[in-house]
Structure formats: structure tokens, C-alpha cells
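Reading through the C-alpha cells given below for one structure.
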Amino acid sequence: MSRAVLRETFGGPEVLHVRQIAEPHAGAGEIRVRVRAAGLNPLDLSIASTPTLAAAFGLSLPAGFGCDFAGAVDEIGLGVDGFEVGDRVYGGVVGKAVADFVVMTVPPVPPSLLLHTPDGVRDEVAAALPIPGLTASAAVAAVGVHRGDTVLIGGAAGGVGVLAVQLARLCGATVIGTASFGTFEFLRQLGAEPVVYGPGLAERIRSLAPGGLSAAMDLYGTEAAEAALALGVAPQRICTVAAGPNPPGGVRATGAAHAVPEALQRIAAAIGADTLTVPIAATYPIEQIHDAARMQTERHTHGKIVITF
């Protein structure tokens, strides 16, 4: 037997339960990963609470929980190349990650993915990478961040935001990030100039960037995108990742699916080289999945929430 977080209905953290299930095994063309860490994302709870979104990912009840994981290969089925038992790996598989074991086809079928974990990258960090790393990379690419830009990032202290801030800084941009007052020092340590979100945002940004903005990424809703439009930023240099397929003002909608295939490898390599960091806000054992999920719903964490095994 093994453990997995399952749900029999749709809802919030209260519908998540740790269950004992039959231990899965790798069949032909599959590998089994012994999970050591699983990173939580807002998407996980959206899928758990929204039947139409779950259906869009091919999930039906009863279902598992979580997408991002890291661990080690411990079973390999016939016909699998490129992996060996003991290999450290990380990746994503929708609705299955928070479990003792993940079984995946090789090569993975999108949107699933599986990569080797570089030396120097801890499992907790690797588990925090897939969705946030792909989303941040896609956002930075969508607005074409380059040296000399002044970029606004809405939701800069979240799991995607902390990576977007650092990727933009590595491109040579000046970054202004929206956040609550309690995260200001945290953002300054990442190299961003913080600004509080809410009414009057455009005027506060104007005082911080008298030379104007050149690009913007809204990682939470549309407030930052609307402020950038009001400050004269061209719509093609503004993107949103959580405002649906038709954001306001003709700005670009993007997300993890638009990232280039090598995006995660580049980010992981930068972490291994100590040029990029992934702050872990909190870790919880799988038995405390309710507490971890409730913390995720608050959306005020400084970095990532990770389940450990």
C-alpha cells in the first residue's frame, strides 16, 4: 500500500484526504518515481474546486491532487530509454503529484513532463519549478524583456512572481513589483522595487518610474495590466497569465503551455549555479495537506509551498 491525496468531490482544502491505495507499478513504456517533494500551485486548488477545469485536463472523480513533483526513479518498464533506477527527476503530471509514487509514460504526454534534476538543486526546490518556472519564462518571453527595460510585475511575491522578477533582472531590466507591504523587503532582496497594489496603482508607479514603463506582466489578475495601459505601455508588451484568453485592452494572454521546451532546464541550471533562487515559504508533511492547501489559498506567501515525504 502507498499514500496519495485523493478527493471524492469538488471543493476547497476540506475535500482533500490522505488515503491508502494499492501501490502502483511501472508497465511497459512507463517509469515509477518515488516522490520526495510536491510543489503546490493555485492551479491545483482551481482544478479541485471547478468541475469544468478538471474536465479540461481530463480528470474525473475520484481524483488525485497536485501537478509538480520531484523524486527518484525506482521502477522502469520495458522499452524505456534515457532513465535509470536511482536517477533524480522532477516534472509535472496533472492531478497525481501529491502521492508516494507517480507512474508516467516515457516520453511524457503533454502537459506532463519529466526531467533530470541537476546536481545542486534540492528536491524541494525542483518540485517548486515546473508550473511556476514555465509560466514565468513564458511571461518574460511574451513581452520581450531586454536590457534597459523598466518592467512592472503584478503579483511579484508569489510562486511565479519570484521567478519572473529574477528572470527579468537577469535580462538586465529594472523591475517594479506589486505586493503587500509585508513583502516589500523580500522583493527588494530579489532586486525589485516594491509598490503596494490597489486603487491608485498607476500614480504610485509614475512616482517610482518617472521615465515610464516599457513592459508589464500581470501574474494575478488585470490590475497591473490596466495600470500599464494607463501609463502608455504598448499592449503587445503587456501580458497576463490569469485573466482568461481575452484580457483587456488587447494585451497578450500567456501561460506555461507557451514556454519554450528548454525553459525549465535553463532555470534549473541557473539555480544550480546560484544565479537564481526559489524561495520556499513553507514545507508540510503529506499528513498536513489541509494546512498546506489553506495556506496556498491565502495567496500571501513569500515563495512556494511544498509537501514533503
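Laid out as a table, the results:
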quantity	calculated
Candidate set from region 251-274 (those that are in contact with a strand residue (DSSP E or B) (Cβ under 9 Å, 6 or more places away or on another chain) and in a helix (DSSP H, G or I)); member that is surrounded by the most Cβ atoms within 10 Å (Cβ to Cβ)	Ala256
Residues (within 17 Å of Val196 (Cα to Cα), surrounded by fewer than 24 Cβ atoms within 10 Å (Cβ to Cβ) and not charged (D, E, K, R)) located in region 214-229	Tyr220, Gly221, Thr222
Cross-chain or 6+ apart pairs with Cβ under 9 Å, region 1-12 first and in contact (Cβ under 8 Å) with a residue 24 or more places away in the chain and open to solvent by less than 20 Å² (accessible area, probe 1.4 Å), then among the basic types (Lys, Arg) and part of a loop (DSSP other than H, G, I, E, B)	Ala4/Lys96
Residue identified as of a type in the set (S, T, N, Q), part of a helix (DSSP H, G or I) and touching a residue at least 60 places away in the same chain (Cβ under 8 Å) among Thr277, Thr283, Thr297, Thr301	Thr297
Residues of region 230-250 that turn out to be surrounded by 21 or more Cβ atoms within 10 Å (Cβ to Cβ) and in a loop (DSSP other than H, G, I, E, B), as a count	3
Test: residue in region 297-304 that is within 15 Å of the chain's Cα centre (by Cα), surrounded by 15 or more Cβ atoms within 10 Å (Cβ to Cβ) and at pLDDT 95 or above	no
When residues of region 202-217 are limited to those that are in contact (Cβ under 8 Å) with a residue 12 or more places away in the chain and in a loop (DSSP other than H, G, I, E, B), the one farthest from Gly155 (Cα to Cα)	Gly211
Residues of region 278-288 satisfying the condition of being open to solvent by less than 70 Å² (accessible area, probe 1.4 Å) and either in contact with a Gly (Cβ under 6 Å, 6 or more places away or on another chain) or not aliphatic (A, V, I, L, M) (or both)	Pro279, Ile280, Ala281, Tyr284, Pro285
Residues being more than 22 Å from Phe186 (Cβ to Cβ) and either aromatic (Phe, Trp, Tyr) or in contact with a helix residue (DSSP H, G or I) (Cβ under 7 Å, 6 or more places away or on another chain) (or both) - total across region 269-306	2
Test: Thr105 is polar (S, T, N, Q), in contact (Cβ under 8 Å) with a residue 12 or more places away in the chain and surrounded by fewer than 19 Cβ atoms within 10 Å (Cβ to Cβ)	yes
Residues that are farther than 14 Å from Arg34 by Cβ and surrounded by fewer than 19 Cβ atoms within 10 Å (Cβ to Cβ), drawn from region 60-79	Ser60, Leu61, Pro62, Gly77, Leu78, Gly79
Residue that is under 20 Å from the mean Cα position of the chain (by Cα) and in contact (Cβ under 8 Å) with a residue 60 or more places away in the chain, where the choices are Ala139, Ala168, Ala179, Ala192	Ala139
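The values are calculated or read from the model by the stated rules, or taken from the named source; none is laboratory data. Please read all numbers here as calculations on a predicted model, not as lab measurements. Counting neighbours? That spans all protein chains shown, and the Cβs are built from the backbone with ideal geometry, glycine included. These area figures cover heavy atoms from the full protein model, side chains too; ligands, DNA and RNA do not enter into them. Shrake-Rupley method; radii C 1.70, N 1.55, O 1.52, S 1.80 Å.
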